[in-house]
Structures are given as C-alpha cells and as structure tokens.
Amino acid sequence: MQFQLQNLALRHDPFPIGVARPLFPDDAYARLLEAYPNKEHFHYLGKVGHKYVLSEKFNARAYRDFIHNTPVWRDLHGWIKSDAFIYGVMDSLREQNIDLGFDAPLSAAKRLRKYAKNVAKGRYWELAPKLRARFEFSMLPADGGSVIPHTDEPGKIVTIVISMAREGEWDPAWGGATEVNRPKDATRLFNRMNYKADFEEMELLDSFAYEPNQAVVFVKTFNSWHSVRPMNGPADALRRTLTINIEARG
C-alpha cells in the first residue's frame, strides 16, 4: 500500500505548502476508508483546539492493536516507517527547489569512510541526523471542530495531512479547510518554538479545502502558521484525516 506525490503543487510563500491529488488509486483508497478506526478508540485533545486523536502518543495501546490487526493499515504503516518513503518525500520536495538537506542514509561502511575523511580534514561534527516518520489518525467534529493557529514543534520537518472522506460525504460549506496564516502583529512572525495563537490574531492568506483522496503537504519553518477554523456542520459528521509527520531523530 503506497501513494505518490508526483502531482504535488506548492506555493512557496510564506512557507512551502500545497496539495497532491489524487493520492491513492481509487480501490486502495476505498479499502483504507472502509477500515478507518472507530471513534471510541480516539483520545480527545482539547489543548490544540477541538479534535480527537489516535496515535503512538495518544491511546498508544489501542493504536498498536489496531495497526497490528488491520492488514491494509499495517501495510501502509510499514511503508511510511521506511527510508524509501521518508527520503522519497525529500526527493519530491527537492524537485520543487526545496532542499531540506536530508539525503538517504549511507551504509555503515560508507558512513565510517565519510567520518574518517572528515576527521582527517579536522572536521569532528556528526553527519546529518537521520529522519523518522510516524502517523496519527485525527477526527474533527463538524460542529465546532478546530485546530488553533500554530507552526508545529521544532523537531518536525515535513507534515502530510491526508483527507479520509468518501466522495460527496463532506459539504465544503461546513468548513474544514487547512488555512495558511500570517500574524497581524509582525513580532509574532518568528515562531520556531510553536507558541499558539488565536484565530483573531491571524490574517488568512490561503486555504486548502478538505477534499477526498488528497494530501496537504507542508514544511515546518519559523513562520509556518496554519490552522483549521471552527467548523459549522452537523453533529454526526467528522473531518477524518491521517497525519504523517517526518521528524529529525533525536
């Protein structure tokens, strides 16, 4: 189970963000939708807005059990954890003039040779850190669900938010778009450490509608302010996503 980013279209200002669509083949996407986890497994996360999460960090045991027992998601999870996926994303971004400085890891022998050459030249710093990936299932209730403006944690490198909705299931009038923001107060532009803000403090620059079988892809920067404004839809509707984070391994 894999997806492709060859259709990724980015804007570069104020930070790299854009959409890839379609993401999965139709049959693969349908199988993922059919096996998406039920709401009772999710953890409510109110400090970032109004959302529910199931991940390695929140309700971890239920998350591990679900992945282990659901073949279609187990296959996707295994691929997302692989170097092939992680550095494939780096290559896709590099093709659009976004070089984050991360290349596929060297073999142990090549790494040792490169380190020896650096030492011979008087360079003792470590090679670039290796990357890792993780994903979480997220749900925002259509009646008031939101994610407050923020820029993401410093350790994040790239985020991919995949919509998980059937055709015709979501009415755009309810909201749910991923918004690109800029603080009205210029002293808030630099936000490397991911301090949160209120919606009223932001100027809306762009938005990417919540649509089936697409990914919103963006790079964490000092000013990567983004959000999902409180929605206005029916109580039984959920904005379901899969959020993939590529991070520097500590």
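When Asp198 is tested against (1) among the charged types (D, E, K, R); (2) buried (at least 21 other Cβ atoms within 10 Å of the Cβ); (3) within 16 Å of Val48 (Cα to Cα), just one condition goes unmet, and that condition is (2).
Selection of segment 58-84 for residues being touching an Asp or Glu at 6+ places or on another chain (Cβ under 7 Å) and surrounded by fewer than 13 Cβ atoms within 10 Å (Cβ to Cβ) yields an empty set.
Output the residue which, of all residues in segment 212-236 that are among the charged types (D, E, K, R) and surrounded by 17 or more Cβ atoms within 10 Å (Cβ to Cβ), is nearest to the chain's Cα centre (by Cα). Checked segment 212-236; the qualifying residue nearest to the chain's Cα centre (by Cα) is Lys220.
Yes/no per residue for (1) in contact with a Phe, Trp or Tyr (Cβ under 7 Å, 6 or more places away or on another chain); (2) within 20 Å of Ala165 (Cβ to Cβ):
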position: Leu8; (1), (2): no, yes
position: Phe15; (1), (2): yes, no
position: Arg21; (1), (2): no, yes
position: Asp27; (1), (2): no, yes
position: Gly46; (1), (2): no, no
position: Tyr52; (1), (2): yes, yes
position: Arg61; (1), (2): no, no
position: Asn69; (1), (2): no, no
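If the condition is being part of a strand (DSSP E or B) and either among the aromatic types (Phe, Trp, Tyr) or buried (at least 24 other Cβ atoms within 10 Å of the Cβ) (or both), then segment 139-159 contributes Leu140, Pro149, Val158. What do you reckon, is Asp91 closer than 20 Å to Gly18 by Cα, in a loop (DSSP other than H, G, I, E, B) and without any contact (Cβ under 8 Å) to a residue 60 or more places away in the chain? Considered against the rule, which asks whether it is closer than 20 Å to Gly18 by Cα, in a loop (DSSP other than H, G, I, E, B) and without any contact (Cβ under 8 Å) to a residue 60 or more places away in the chain, Asp91 comes out as no.
Can you tell me which residue within segment 85-127, out of those that are among the hydrophobic types (A, V, I, L, M, F, W, C) and at pLDDT 95 or above, is surrounded by the fewest Cβ atoms within 10 Å (Cβ to Cβ)?
Within segment 85-127, the first condition is being among the hydrophobic types (A, V, I, L, M, F, W, C), and the residues that meet it are 85-86, 89-90, 93, 98, 100, 102, 104, 106, 108-109, 112, 116, 119-120, 125, 127.
Those still in the list that are at pLDDT 95 or above too: 85-86, 89-90, 93, 98, 100.
On the way: Phe85: 17, Ile86: 22, Val89: 22, Met90: 20, Leu93: 21, Ile98: 15, Leu100: 17.
Among those residues, the one meeting the criterion is Ile98.
Only residues that are within 26 Å of Ser82 (Cα to Cα) and in contact with a strand residue (DSSP E or B) (Cβ under 6 Å, 6 or more places away or on another chain) were counted across segment 133-162, and they come to 15.
Evaluate the following for Tyr36: is it among the aromatic types (Phe, Trp, Tyr) and free of Cβ contacts under 8 Å to residues at least 60 places away in the same chain? Answer is no for this residue.
The single residue among Phe24, Phe58 that is part of a loop (DSSP other than H, G, I, E, B) and at pLDDT 95 or above turns out to be Phe24. Taking the criterion of being among the hydrophobic types (A, V, I, L, M, F, W, C) and either assigned to a loop (DSSP other than H, G, I, E, B) or modelled with pLDDT under 95 (or both), the residues of segment 36-55 that qualify are Phe42, Leu45, Val48. Where strands (runs of 3 or more DSSP E) fall wholly inside segment 168-250, the ranges with 2 or more residues that are polar (S, T, N, Q) and touching a residue at least 12 places away in the same chain (Cβ under 8 Å) are 178-183, 238-248.
The values are calculated or read from the model by the stated rules, or taken from the named source; none is laboratory data. In this text, all values refer to a predicted model and were calculated from it rather than measured experimentally. A quick note on method: Cβ atoms are made from the backbone with ideal geometry, for glycine too, and the neighbour counts reach across all protein chains shown.
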